[in-house]
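Single-structure report; data block below.
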Amino acid sequence: MKIFSAIILLVCFSIFAQEANEVRTTFEYTKKVKQQLNAIKKLPPENYFKEVDTYRLALEKYMENKKRVCEGEFSTVILENDTVNDQSAIDNAKKGNKLSREERKLCFRELKALQVTFINNMFIARKNYLDHLHNKRIDQLKVAREDAIKNIQMSFSKKRRVIKRKGRN
């Protein structure tokens with residue numbers, strides 16, 4: 001029984017470790033963010049509201065952390081851990097690993113490019129969603145027009161008038 005419990009415990013830890021280590025380096029994290037940026041503009045219009053917030057929140061969190069890295073508040077190692085509450089990591093980052101002036105410029109330039117890409121891709125996704133809604137409403141308007149014309153045709157048809165006249169007598 002103890003062996004069985006130990007095996008289950010090891011399996012659980014290995015699964016947890018795999019999930020926690022999904023993003024191992026800053027480069028992998030940045031790559032994941034760039035994939036999310038590209039995924040935004042390809043969102044199907046039908047799923048826009050279901051999915052856009054998850055992308056938006058993750059990307060805004062990354063950009064906020066990136067800004068803090070550029071300002072020298074903490075090192076990029078914290079971006080890997082996906083937590084900024086570890087005080088020892090923040091203290092260690094403040095002691096060393098400061099960015100040079102050129103590195104800061106480059107960091108802010110990269111942050112600006114990410115933000116511009118984010119805004120442009122959000123625009124594309126939102127525009128596709130609005131175009132989808134517009135086309136859907138145009139189709140509804142066409143159906144309503146056809147129904148109105150059918151109703152008018154029916155009210156003025158000869159067969160209907162004859163039936164009405166016979167019904168009055």
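Values in this text are rule-based calculations from the coordinates and carry no lab data. Predicted model, so just to flag it, every value in this text is computed and none were measured. Because the Cβ atoms are built from the backbone with ideal geometry, glycine has one as well, and the counts that use them run over all protein chains shown.
Here the label points at D131 and E146, each 7 Å from Cα along the C-beta direction, are separated by 2.4 nm in the simple model. Among residues other than I119 with Cβ under 13 Å from its Cβ, the summed charge is +4 (Lys and Arg +1, Asp and Glu -1).
Near C107: Cβ cut-off under 11 Å, other residues only, Lys/Arg at +1 and Asp/Glu at -1. The net charge is +4.
Each other residue within a Cβ distance under 12 Å of D139 adds +1 if Lys or Arg and -1 if Asp or Glu, for a net charge of +3. Place a point 7 Å from Cα of E110 in the direction of its Cβ. Which residues in segment 36-70 have their backbone N less than 15 Å from it? Within reach of a label on E110: 62-70.
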